[in-house]
Amino acid sequence: MGYGIVVLRRVRGRGRWGMVGKQKNVESNLGYHLAGKGGLAENLVEECIGWVVKNFRKCKGGLQYLPVGVKLHVLEALVRDRLLSDSHLEYVLDPSFTKLSFDHTHVGDAGLAAVSERCPRLVSLSVRDCPGVTDAGIARIFAGCPLLRDLIVANNEARLLRKHSLRVMRSNCRALRRLCLDHCTMKERDFLELLDAEGGFIRELSLRGCLVSDRWLSAVALKCTMLESLHVAGAKGLTVSGVVEVVRQCDHLGALDLSSLPLTSRDLRMIVFASYNLRILNLSFVRSLCDTVITQIANSCPNLERLIVTGVHGWKGLTLHELLYNCRSLRELILDNCKDIEDEAYTLMRRLHPGTSLETFLEAAAWHDRVQQSSQLGADGGVLVANDGIRFCPRYPREVTYRCALEVLSICGQSKVRDSGLAGLAPMCSELQHVNISGLHRISNRGVKDLVTYAPRLSEIDTSLCLQLDSAACDAIGSALGGSLRKFRAYGNVNFQDLGSLGTTTTNLRVLSLYGCRRLSEQTIRKILHNNPGLEVVDLSLTNTSNECLAALAGARNLRTIRLNSCPGISTAGVVILSHLPVLQTLSLNNVDIDDDLLEVLARRTPSLQILSLASDTSISDRGFILVCRGLPKLQRITVSCSSNISGNAIGLVHRDRPGLKIRFV
């Protein structure tokens, strides 16, 4: 271990661990090796950093001589393993650090005091879920880090940002741009004083899950004149008047998160009506969402770029074409698990296809059928006027033809959508790059073929749980997209017997999921793995994968995640092949026959492994369990079977050595 010997060898006569040789030369050589040059293997570097973390007390005296990059790696390892405490920070901090994250660690006020003294150029700090942090620690940060721009103190039960820290912030730290107080306890008086001090600088404010009032939002509207993003998802105590005041007063507001709020449809229309500059809107789990709200968005938010609506039931989506017609900048539309959206919502989009004038669009028979009971036609040439006063106002003249800018579309879980809906949507998809149609169990091969034919730029498609699809759909995807496809997911598509041209024309896949495709032959799986050496994530669970298939992954040097659950054709010899992959982070081998010898190989050859799942593997004993837990320095979570031969003594030993390691029994 050249790295460990050079850096951590005991200095004779000094009684501590430190550097040997000339400091400048050693540091430069160490940085050279850490960059992956100089012939030092990457796994050796990881082993040495893991050794430093485990033996921190022995080598802490020499850490001050390490280059900045190595200190940062050690600090990240301590945070990852949840071992970081105030006593560690004294030895690993460096004045050049600008961004620090201590989320879910034991860092307290003493640690923040060390940060304020040693990191004067700190720009971003996150202490999410750190129970040891109090107002005094935050005050020290404000006093010593005048350049601080981002502060995240979410999920903290202690009252932060009180009178003392606010006084220090007012005098020393006037550059705060992003403030996240999610699920925090804070008094109204303190919040108002905070806005008095920093309101004019804050660009992004997050109050998710907080107990707020309209006075809070009134103060935000008055003080935060440059506010660009507001997140109040799940906040308690606010009403529509406070939100409306913010969107009216903050001219730069571009992102608004209202998910999980108990707002009525009238409340939503009032908010949207005042949100002309809105670019990002999240209305997930807002139960009162209806078609008239979407019409109001189409009328009032012409600059909208991203709309997220997930988990809303009762909404039929029959005004989505109005949204797409007026919002020409809309690039991302997420409508996951909106189970009541009708197939007609997409068939109505036929009138938006290129070459169709607005006059034809407004006179469509489907439009009249939709509103015959709830609306009336005005005298202005067919413009819709609903009973509640909301009417669609086309933003573009009739002679202008329509062109859709949509790049990301996710409509998973919409069980009422059929091939006719995809046929109506497909001709607008010339710019589409990512599409998720998983769970649309009524669509067939024809619908998928229509979609991919009109979307030549498509690089990601998810057809999971589309139970009517078969090998012809794969052939259509491969023929239309070929080498441009980067991600393909087909979870639970049990009718796939062959991948057709998908298995031969795709050469640039990064993500491949064939979970549950039991009818695929071993030769088919081996062919697609061999043709895509750039794979990063692979899921072959419940398939006919064999050791020969895994041999095709030997050249996948970028593979980070592989799941091989319940693959009876895999043995120890096949998994040994995977142990040579240099950046493997997640390995799932549930219901696969492995033993302690294989775990010893993994512990020796896969230092980058972070998540390991071995459920239902009953042959594992104390020896293999201890070897893999001790030998993998980055391991964060391991799952083993309750029926394994692991004793309580082995579990206790691992807990003492790796207190941050999560051990799960199933």
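Quick one: accessible area per residue over region 274-344, 1.4 Å probe, rounded to a whole number of Å²?
On the way: 2230 Å² over 71 residues.
Averaged over the residues of region 274-344, the accessible area is 31 Å².
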Thinking of region 197-351 as a set of Cα atoms, what percent of all their pairs are more than 19 Å apart?
-> 51
Quote the relative contact order of the chain in percent (integer), defining contacts as alpha-carbon pairs under 8 Å separated by 6+ residues.
-> 6
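Which value, in debye to the nearest 20, describes the size of the charge dipole of region 159-289 about its Cα centre when Lys and Arg Cβ atoms bear +1, Asp and Glu Cβ atoms bear -1, and nothing else is charged? Kindly include the intermediate steps, with their values, before the conclusion.
Working: 20 positive and 13 negative charges, 60 e Å.
So the dipole magnitude of region 159-289 works out to roughly 280 debye.
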Mind putting a number on the dipole of the chain about its Cα centre? Charges go on the C-beta only, +1 for Lys and Arg and -1 for Asp and Glu, and I need it in Debye to the nearest 20.
-> 2320
Asserting the computed 222 nm helical MRE of the chain (DSSP H runs at least 4 long, -39500 (n - 2.57) per run, divided by residue count, to nearest 500) equals -10000 deg cm²/dmol
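So for the chain, what percent of the C-alpha to C-alpha distances run longer than 35 Å? Present the calculation step by step, with values, prior to reporting the outcome.
On the way: 125503 of 221445 pairs.
When every Cα pair of the chain is considered, 57 percent fall beyond 35 Å.
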Report the relative contact order of region 552-607, percent, no decimals, based on alpha-carbon pairs under 8 angstrom and at least 6 residues apart.
-> 43
Nearby lysines by direct alpha-carbon distance to K58 (threshold 19 angstrom, same-chain neighbours under 8 apart not counted) | K71
Note on region 625-666: the mean projected area of its alpha-carbon convex hull, in nm², is 2.6
Just the number, please: percent antiparallel of the DSSP beta bridges in the chain, rounded to the nearest 5.
-> 10
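From the convex hull of the Cα coordinates of region 194-275, what is the mean projected area in square nanometres?
Details: hull surface 17.9 nm².
That works out to 4.5 nm².
Could you sort T639, T505 by their accessible area in this structure, using a 1.4 Å probe and putting the largest first? Write out the running numbers ahead of the final one.
Details: T639 10, T505 55 Å².
From most exposed to least exposed: T505, T639.
Just the number please: accessible area per residue for region 196-251, 1.4 Å probe, all protein chains included, in Å². All intermediate terms of the calculation are to be shown ahead of the outcome.
On the way: 2160 Å² over 56 residues.
That works out to 39 Å² for each residue.
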Above-threshold pairs, the threshold being 26 Å between Cα atoms, out of K99/K634; K99/K187; K163/K223; K54/K99; K187/K223; K236/K316 | K99/K187; K236/K316
For region 510-554, dividing by residue count, accessible area per residue (probe 1.4 Å) in Å² works out to 37
Unit charges at the beta carbon, dipole of the chain: most positive-side option, T543, L207, T319 | L207
Counting only protein heavy atoms, what percent of the accessible surface of the chain is carbon or sulfur at a 1.4 Å probe?
-> 48
Anchor K527: lysines whose Cα lies under 21 Å away (excluding residues fewer than 8 positions away in-chain) = K487
Computed on alpha carbon atoms, what radius of gyration and Dmax characterise region 524-666, expressed in Å?
-> 14.6, 47
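The values are calculated or read from the model by the stated rules, or taken from the named source; none is laboratory data. Since this is a predicted model, take the numbers as computed values, not measurements. Every residue, glycine among them, receives a Cβ derived from its backbone with ideal geometry; neighbour counts consider all protein chains shown. Calculation scope for accessible area: heavy atoms of the full protein, side chains included, ligands and nucleic acids excluded. Shrake-Rupley method; radii C 1.70, N 1.55, O 1.52, S 1.80 Å.
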